[in-house]
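The values are calculated or read from the model by the stated rules, or taken from the named source; none is laboratory data. Since the model is a prediction, treat every value here as computed from it, not as a measurement. Cβ placement follows ideal geometry from the backbone for every residue including glycine, while neighbour counts extend to all protein chains displayed.
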Amino acid sequence: MSDDATDLTKRTDAPATTEPLLKVEGLVKHFPIKKGVLQRTVGAVQAVDGISFDVRQGETLGVVGESGCGKSTMGRLITRLLEPTGGRIEFEGKDITHLSVGEMRPLRKDVQMIFQDPYSSLNPRHTIGTIVGAPFRLQGVTPEGGVKKSVQDLLSLVGLNPEHYNRYPHEFSGGQRQRIGIARALALKPRLVVADEPVSALDVSIQAQVVNLLDDLQDELGLTYVIIAHDLSVIRHVSDRIAVMYLGKIVELADRQPLYERPMHPYTKALLSAVPVPDPRRRQSARASRILLRGDVPSPISPPSGCRFHTRCWKATAVCKSTEPPLVELAPSHRVACHHPENAPDQVPTDTEPLAGTPAEDAREVPAADGAPPG
Amino acid sequence: MTAPIETTSASAEAQPEAVLAGAGRSQIEGRSLGQIAWTRFKRDKAAVAGGIVVVCLVLMAALAKPIQAVFDLDPNKFNQDLVDPALQAPKGPWGGMSWEHPLGVDPGFGRDLLARVIEGSWVSLLVAVGATLVSVLIGVILGVVAGYYGGWVDSVVSRLMDTFLAFPLLLFAISLSASVQDGFWGLTGLPLRIAVLIFVIGFFAWPYIGRIVRAQTMSLREREFVEASRSLGARGPFIIFRELMPNLVAPILVYATLLIPTNILFEAALSFLGVGIAPPQASWGGMLTDAADRYEADLQYMFVPGLAIFITVLAFNLLGDGLRDALDPRSK
């Protein structure tokens, strides 16, 4: 544990450097693939393959990555909706990795989840009052002033009309439905809220409202968030720290500013360069520096050897194919898993020969003919 | 700090509605899914007609005895004077229709056909509804359990359904009905026949409803509200009864309504084959058997129970289709 002690002293800019609220070590989730009459296991989808991170009290950890990289699985593992294959999850110092449904029950008060799809996360046959009041009923909690009053308070807290208590989900818009989902998640005053793509199903104008609501509620109720998203602008707006995932691994974990200003992992750099630029004058230069990744994400059933990103990386060398880079701290509280990071000293400077068959510099998009990049 | 501010803004939002109501316009009110389905159902003329006929049939079946008493209709009273013994057919045209016997009389004993159709209606409906309840009960329980828990439970239940669907139902029903003796289950005579019919038909029709419920449950199980309930600490039974069941009521109601006419036909078929309701108790299937023996002499006799079955089955089917369109418009 001496490693952790040194880590903590380095994180001077962190909001609260006390015991982490959630501690994840080497978390693994493999989904077995079964075939044939005998249901023999013939392989496994390695959705999450050994990830470690901390979530500190009061902060927002953003988790970002492209579709299928295991970020939603990670969210369902730390809320224990899925059973981990390996590793360790600690919540407030208590090991919750393999707690049974019954043992997990009291802890459900403290860990809540906001879901992606506001259309499927609310039972269409229940009224809003029933939906938001369900946490009280399920946990056997009788709030002060009764369930109905608490539900109405929650509804006004998330900016809905408390008189709509008796309405059904279909009478609300997507943004309002997401607010209902947030009210349900906050009913039991949780310590940690895991939001799985909380705004990706909403219109952009509504996204801002919901993101700001989450922000306000954090200040007001002292919440800790783990927000999973694929939208880098949303993540940038809400997060204190950001974890970038690729194929079941965390490739970079850093505070917001350093990550956006000095990304170290080539994958992070490629992701950041792909963020759309709304300003047409700046768009040209943005397009010039855009990095286009070739090919698809490899299958998580048989991920590439060594660094999982080497098949698509323009900096890949022999060592990338043979050795998996560890997640190491290359700058204060900036961890990255790469042999040849950007904006940091090369970890394996001796190995310079680009890997045969990998997209080298041609991975960079050629600027469009109609507009040369400004010098 | 934001909470009181939000409350005031919320009450400000509520004001326009109050203003609208004050201006003499009806207040905008939320409608439940049931109310929406009812509005949709009312627009479907055929379904409403079917529903009205079904209500009348149920009333007729439930009030069969009082109706017979009030209008002096005895289904088992012989009127030999109305039958021509040489022709083995009712005297007079149209199967002996008259003001006293609006649907005519039966060619063997001159029994009033209207009385016998009314008498047969409660037997048919009781057997059909009873058998449907039995199959819904078994089908829903096994279907939900198989669909929700999956895995080996699902495999066992699914194979069981396949077995029941592959069973030669008609042969089984015939042999069972023939072998059940008086005194079985402490029942004799008519109640025993009805109980056996309900059991046989209900016990073999459940896989149809079970499969539908299983499939619906499997698709509902993947919805996020089930996961939300689990993340709040809910267990299987709570999720099944509080989260899934309210969503299953509509399909269950629809398929139960569509199963009733099938069961009416099946009961008629068994009675026609002589293993259902035994004479002298009037039943629609039994009347058809009787009529089939004498169709050369009195063709009209066949139309009376035939039309009764036809109208009942058609009405239930129209009602069921209408319910499906109203409750579950996506499945059209």
Test residue B:295 against the stated conditions and say whether it is in contact with an Asp or Glu (Cβ under 7 Å, 6 or more places away or on another chain) and more than 30 Å from residue B:32 (Cβ to Cβ).
no
Any idea which of (1) in contact (Cβ under 8 Å) with a residue 24 or more places away in the chain; (2) in contact with a helix residue (DSSP H, G or I) (Cβ under 9 Å, 6 or more places away or on another chain); (3) assigned to a helix (DSSP H, G or I) is the one residue B:178 doesn't satisfy?
(2)
Can you spot a residue in segment A:198-208 that is at the interface with chain B (Cβ under 9 Å from one of its Cβ atoms), of a type outside the set (Val, Ile, Thr) and within 17 Å of residue A:112 (Cα to Cα)?
no
Could you say which residue among B:206, B:94, B:99 is over 24 Å from residue B:64 (Cα atoms) and part of a loop (DSSP other than H, G, I, E, B)?
B:94
Restricting to segment A:114-162, what's the tally of residues that are in contact (Cβ under 8 Å) with a residue 12 or more places away in the chain, assigned to a helix (DSSP H, G or I), farther than 23 Å from residue B:238 by Cα and at the interface with chain B (Cβ under 7 Å from one of its Cβ atoms)?
1
State all residues of segment A:163-187 that are touching a Pro at 6+ places or on another chain (Cβ under 7 Å), within 12 Å of chain B (Cβ to nearest Cβ) and surrounded by fewer than 20 Cβ atoms within 10 Å (Cβ to Cβ); if no residue qualifies, say none.
A:170
Which of the residues belonging to segment B:222-265 are in a loop (DSSP other than H, G, I, E, B), within 23 Å of residue A:119 (Cβ to Cβ) and in contact with a Leu (Cβ under 8 Å, 6 or more places away or on another chain)?
B:232, B:234
Yes/no for residue A:110 being more than 9 Å from chain B (Cβ to nearest Cβ), over 21 Å from the mean Cα position of the chain (by Cα) and acidic (Asp, Glu)
no
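So that you can scan it fast, the table gives a plain yes or no per residue for (1) within 14 Å of chain A (Cβ to nearest Cβ); (2) of a type outside the set (Gly, Ala, Ser); (3) in contact with a strand residue (DSSP E or B) (Cβ under 6 Å, 6 or more places away or on another chain):
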residue: B:157; (1), (2), (3): no, yes, no
residue: B:164; (1), (2), (3): no, yes, no
residue: B:169; (1), (2), (3): no, yes, no
residue: B:174; (1), (2), (3): no, yes, no
residue: B:181; (1), (2), (3): no, yes, no
residue: B:184; (1), (2), (3): no, yes, no
residue: B:198; (1), (2), (3): no, yes, no
residue: B:205; (1), (2), (3): no, no, no
residue: B:226; (1), (2), (3): yes, yes, no
Residues that are at pLDDT 70 or above and crowded, with 23+ Cβ neighbours inside 10 Å: does segment B:70-89 have at least one?
no
Out of B:143, B:139, I need the residue that is in contact with a Phe, Trp or Tyr (Cβ under 6 Å, 6 or more places away or on another chain) and buried (at least 18 other Cβ atoms within 10 Å of the Cβ). Which one?
B:139
